[in-house]
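Have a look at the structure below before the remarks.
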Amino acid sequence: MKRAQIEEMFARLQARDPEPKTELSYSSPFTLLVAVVLSAQATDAGVNRATPGLFAAADTPEKMTALGEAGIRDKIKTIGLFNTKAKNVFALSRILVETHGGDVPRDREALEALPGVGRKTANVVLNVAFGEPTIAVDTHIFRVSNRTGLAPAKTPDAVEAKLMKAVPAKYRLYAHHWLILHGRYTCQARKPLCPACIIQDLCGFKEKTKGVGDALAAIESLVPTAG
Ligand code: SF4
């Protein structure tokens, strides 16, 4: 995509949703960090169903440490990979208490040193909790960046590096959310809703879906079938 097209793309995404927010429920940097760790290979909706019970019992690293690994496991057992995630949430809470005075560090290296926290999670926490203009590349952003031609690359890290150059500075704070929401609800994996897409004329994807029939088929593919 050319510079002017990228400007136009983000201007439209901003006009549609001026202040996008994460769909994960959280009330502090710590509960955000835990929610993001729990969201690996799980949906935000699934995480949001489990976290009210978890955070009612423990919404600080101190309380999470006191709840213990078994207590955490019990609260999150509806989420995939809950054994490993309980281990990680317990261990990272203990490190926050012992090394960071119970605070979530505003520092990439310190965040990535926590169990269960990789580059993507650190980017989300830096962006959402601390307002840093980072862009965490998840499966939706990876797909949208490649399909549209915004930042085509073979790995999430390479897409991130290209996005950091391609996205104009004034749009970087919210770029993560705009691209995720666009991928989740419009530029979907199996059938993108191209006829309803607000950046269709800017997008370089060669296999765009066409017409009302394709759009309806795409919408129908999202409706769960009985049984
Ligand atoms: S036109 Fe289609 S492929 Fe391109 S961004 Fe929109 S939904 Fe995705």
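Derivation of every value follows stated rules applied to the coordinates shown; laboratory data play no part. Remember, predicted model here, so these are calculated numbers, not experimental data. Because the Cβ atoms are built from the backbone with ideal geometry, glycine has one as well, and the counts that use them run over all protein chains shown.
Of note:
- Straight-line reach from residue 21: taking Cα to Cα under 22 Å and skipping same-chain neighbours fewer than 8 places apart, the lysines in range are 120, 170.
- Relative contact order [Cα under 8 Å, 6+ residues apart], the chain, whole percent: 19 percent
- Whole-number percent relative contact order across region 29-128, with pairs defined as alpha carbons under 8 Å at least 6 apart: 30 percent
- For the chain, built as a Gaussian network whose Cα springs stay under 10 Å, the top-fluctuating residue of 177, 100, 140: 100
- Links that overshoot a 18 Å alpha carbon limit, given the list 2/191; 162/191; 63/87; 2/206; 2/165; 154/208: 2/191; 162/191; 154/208
- Each Lys or Arg adds one and each Asp or Glu takes one away; over the other residues whose Cβ falls under 11 Å from the Cβ of residue 30, this sums to -2.
- Geometric extent, Cα atoms of region 1-140 - Rg, Dmax (angstrom): 16.2, 53
- Cut-off 13 Å between beta-carbons: net charge of the residues surrounding residue 76, Lys and Arg +1, Asp and Glu -1: +4
- Alpha-carbon centroid distance for the pair region 157-206 / region 68-116, whole angstrom: 31 Å
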